[in-house]
Amino acid sequence: MKRLTLIRGFQNNPGLKKNAASPYVSSHLTLVISPKKLTIILTLVALSFVLAHVAVQYIRFFHGHPAQLGFLHQMNLNDENNLPTWYSSSILLFSSILLAMIGLANKHEGNPYTLEWLGLAAIFLYLSLDEASSLRQ
(Lines give C-alpha, C1' and ligand atoms only; values in the text may rest on other atoms or scores of the structure.)
Protein backbone atom coordinates (compact mmCIF):
# COMPACT_ATOMS: atom_id res chain seq x y z
CA MET A 1 0.00 0.00 0.00
CA LYS A 2 1.36 3.40 -0.97
CA ARG A 3 1.32 5.97 1.78
CA LEU A 4 1.02 9.68 1.20
CA THR A 5 1.97 11.77 4.22
CA LEU A 6 1.32 15.43 4.79
CA ILE A 7 3.06 17.19 7.66
CA ARG A 8 1.68 20.33 9.20
CA GLY A 9 3.59 22.04 11.97
CA PHE A 10 3.99 25.32 13.77
CA GLN A 11 7.09 27.23 14.79
CA ASN A 12 8.15 26.96 18.41
CA ASN A 13 6.68 30.01 20.07
CA PRO A 14 7.28 30.52 23.79
CA GLY A 15 3.89 32.21 24.13
CA LEU A 16 1.92 29.16 22.96
CA LYS A 17 0.57 26.60 25.38
CA LYS A 18 2.04 23.12 24.99
CA ASN A 19 -0.89 20.98 26.10
CA ALA A 20 -2.66 18.32 24.04
CA ALA A 21 -5.95 20.25 23.98
CA SER A 22 -4.40 23.29 22.31
CA PRO A 23 -5.00 23.58 18.56
CA TYR A 24 -1.59 25.24 18.20
CA VAL A 25 0.41 22.13 19.09
CA SER A 26 2.38 20.62 16.19
CA SER A 27 0.27 18.12 14.35
CA HIS A 28 0.91 15.34 11.88
CA LEU A 29 -1.64 14.56 9.20
CA THR A 30 -1.49 11.27 7.32
CA LEU A 31 -3.49 10.66 4.18
CA VAL A 32 -3.48 7.02 3.06
CA ILE A 33 -4.55 6.34 -0.52
CA SER A 34 -4.97 2.73 -1.52
CA PRO A 35 -4.18 2.42 -5.25
CA LYS A 36 -6.18 -0.80 -5.52
CA LYS A 37 -9.36 0.64 -3.99
CA LEU A 38 -9.04 3.89 -5.90
CA THR A 39 -8.57 2.01 -9.18
CA ILE A 40 -11.65 -0.14 -8.51
CA ILE A 41 -13.81 2.88 -7.66
CA LEU A 42 -12.69 4.93 -10.66
CA THR A 43 -13.12 1.96 -13.00
CA LEU A 44 -16.64 1.27 -11.72
CA VAL A 45 -17.64 4.91 -12.22
CA ALA A 46 -16.22 4.92 -15.76
CA LEU A 47 -18.00 1.64 -16.58
CA SER A 48 -21.23 3.11 -15.22
CA PHE A 49 -20.92 6.01 -17.64
CA VAL A 50 -20.23 3.63 -20.53
CA LEU A 51 -23.25 1.47 -19.65
CA ALA A 52 -25.47 4.54 -19.31
CA HIS A 53 -24.27 5.76 -22.72
CA VAL A 54 -25.02 2.40 -24.33
CA ALA A 55 -28.46 2.26 -22.70
CA VAL A 56 -29.37 5.77 -23.82
CA GLN A 57 -28.22 5.10 -27.38
CA TYR A 58 -30.12 1.79 -27.43
CA ILE A 59 -33.33 3.50 -26.32
CA ARG A 60 -32.75 6.30 -28.84
CA PHE A 61 -32.19 4.10 -31.90
CA PHE A 62 -34.31 1.02 -31.19
CA HIS A 63 -37.26 2.51 -29.32
CA GLY A 64 -37.50 5.91 -31.04
CA HIS A 65 -37.21 8.21 -28.03
CA PRO A 66 -34.91 11.03 -29.21
CA ALA A 67 -34.65 13.26 -26.11
CA GLN A 68 -35.28 10.96 -23.13
CA LEU A 69 -35.89 13.84 -20.70
CA GLY A 70 -32.36 15.17 -21.18
CA PHE A 71 -30.60 11.90 -20.43
CA LEU A 72 -29.38 11.68 -24.01
CA HIS A 73 -27.23 14.77 -23.56
CA GLN A 74 -26.22 14.04 -19.94
CA MET A 75 -24.98 10.51 -20.65
CA ASN A 76 -23.63 10.93 -24.18
CA LEU A 77 -19.87 10.35 -24.19
CA ASN A 78 -19.53 12.33 -27.43
CA ASP A 79 -20.99 15.57 -26.03
CA GLU A 80 -19.45 18.29 -23.86
CA ASN A 81 -20.70 19.87 -20.63
CA ASN A 82 -22.32 16.76 -19.18
CA LEU A 83 -21.68 14.22 -16.41
CA PRO A 84 -18.91 12.22 -18.16
CA THR A 85 -17.09 15.49 -18.92
CA TRP A 86 -17.39 16.53 -15.28
CA TYR A 87 -15.98 13.15 -14.20
CA SER A 88 -13.05 13.47 -16.61
CA SER A 89 -12.34 17.01 -15.44
CA SER A 90 -12.45 15.91 -11.80
CA ILE A 91 -9.99 13.09 -12.41
CA LEU A 92 -7.58 15.49 -14.13
CA LEU A 93 -7.93 17.99 -11.26
CA PHE A 94 -7.29 15.24 -8.69
CA SER A 95 -4.20 14.21 -10.66
CA SER A 96 -3.01 17.81 -10.70
CA ILE A 97 -3.39 18.05 -6.92
CA LEU A 98 -1.47 14.82 -6.38
CA LEU A 99 1.32 15.95 -8.74
CA ALA A 100 1.56 19.27 -6.91
CA MET A 101 1.79 17.44 -3.57
CA ILE A 102 4.60 15.27 -4.93
CA GLY A 103 6.40 18.36 -6.24
CA LEU A 104 6.08 20.18 -2.91
CA ALA A 105 7.25 17.10 -1.01
CA ASN A 106 10.30 16.91 -3.30
CA LYS A 107 10.97 20.60 -2.73
CA HIS A 108 10.70 20.13 1.04
CA GLU A 109 13.14 17.21 0.96
CA GLY A 110 15.51 18.95 -1.45
CA ASN A 111 15.14 16.29 -4.15
CA PRO A 112 15.70 17.13 -7.80
CA TYR A 113 12.92 17.26 -10.37
CA THR A 114 10.74 19.54 -8.21
CA LEU A 115 10.05 21.87 -11.12
CA GLU A 116 9.21 18.94 -13.39
CA TRP A 117 6.56 17.66 -10.94
CA LEU A 118 5.11 21.14 -10.50
CA GLY A 119 5.14 21.61 -14.28
CA LEU A 120 3.15 18.40 -14.69
CA ALA A 121 0.73 19.65 -12.04
CA ALA A 122 0.24 22.86 -14.03
CA ILE A 123 -0.31 20.93 -17.27
CA PHE A 124 -2.91 18.66 -15.66
CA LEU A 125 -4.62 21.69 -14.12
CA TYR A 126 -4.85 23.28 -17.59
CA LEU A 127 -6.23 20.01 -19.02
CA SER A 128 -8.84 19.92 -16.26
CA LEU A 129 -9.89 23.50 -16.90
CA ASP A 130 -9.99 22.84 -20.65
CA GLU A 131 -12.15 19.76 -20.17
CA ALA A 132 -14.55 21.52 -17.82
CA SER A 133 -14.96 24.76 -19.75
CA SER A 134 -14.15 23.74 -23.34
CA LEU A 135 -11.39 26.35 -23.66
CA ARG A 136 -10.36 25.26 -27.14
CA GLN A 137 -12.85 24.58 -29.87
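A few remarks follow.
- Looking only at residues in region 45-54 that are out of contact with any helix residue (DSSP H, G or I) (no Cβ under 8 Å at 6 or more places or on another chain) and more than 15 Å from S90 (Cβ to Cβ), the one that is least open to solvent (accessible area, probe 1.4 Å) is V50.
- Residues in region 60-82 that are under 23 Å from L125 (Cβ atoms) and surrounded by 17 or more Cβ atoms within 10 Å (Cβ to Cβ): N82 alone.
- Candidate set: region 86-137, residues that are open to solvent by 80 Å² or more (accessible area, probe 1.4 Å) and hydroxyl-bearing (S, T, Y); chosen: the one farthest from L38 (Cα to Cα): Y113
- Residue among S90, S48, S134 that is within 16 Å of the chain's Cα centre (by Cα) and either polar (S, T, N, Q) or on the phi > 0 side of the Ramachandran plot (or both): S90
- Pairs, first free of Cβ contacts under 8 Å to residues at least 40 places away in the same chain in region 65-85, second part of a loop (DSSP other than H, G, I, E, B) and hydrophobic (A, V, I, L, M, F, W, C), C-beta under 7 Å, six or more apart: P84/L77
The values are calculated or read from the model by the stated rules, or taken from the named source; none is laboratory data. The structure displayed is predicted, hence computed values, not measured ones. With ideal geometry, Cβ positions are generated from the backbone for all residues, glycine too; neighbour counts draw on all protein chains shown. Ligands, DNA and RNA are excluded from the accessible area calculation, which covers all protein heavy atoms including side chains. Shrake-Rupley method; radii C 1.70, N 1.55, O 1.52, S 1.80 Å.
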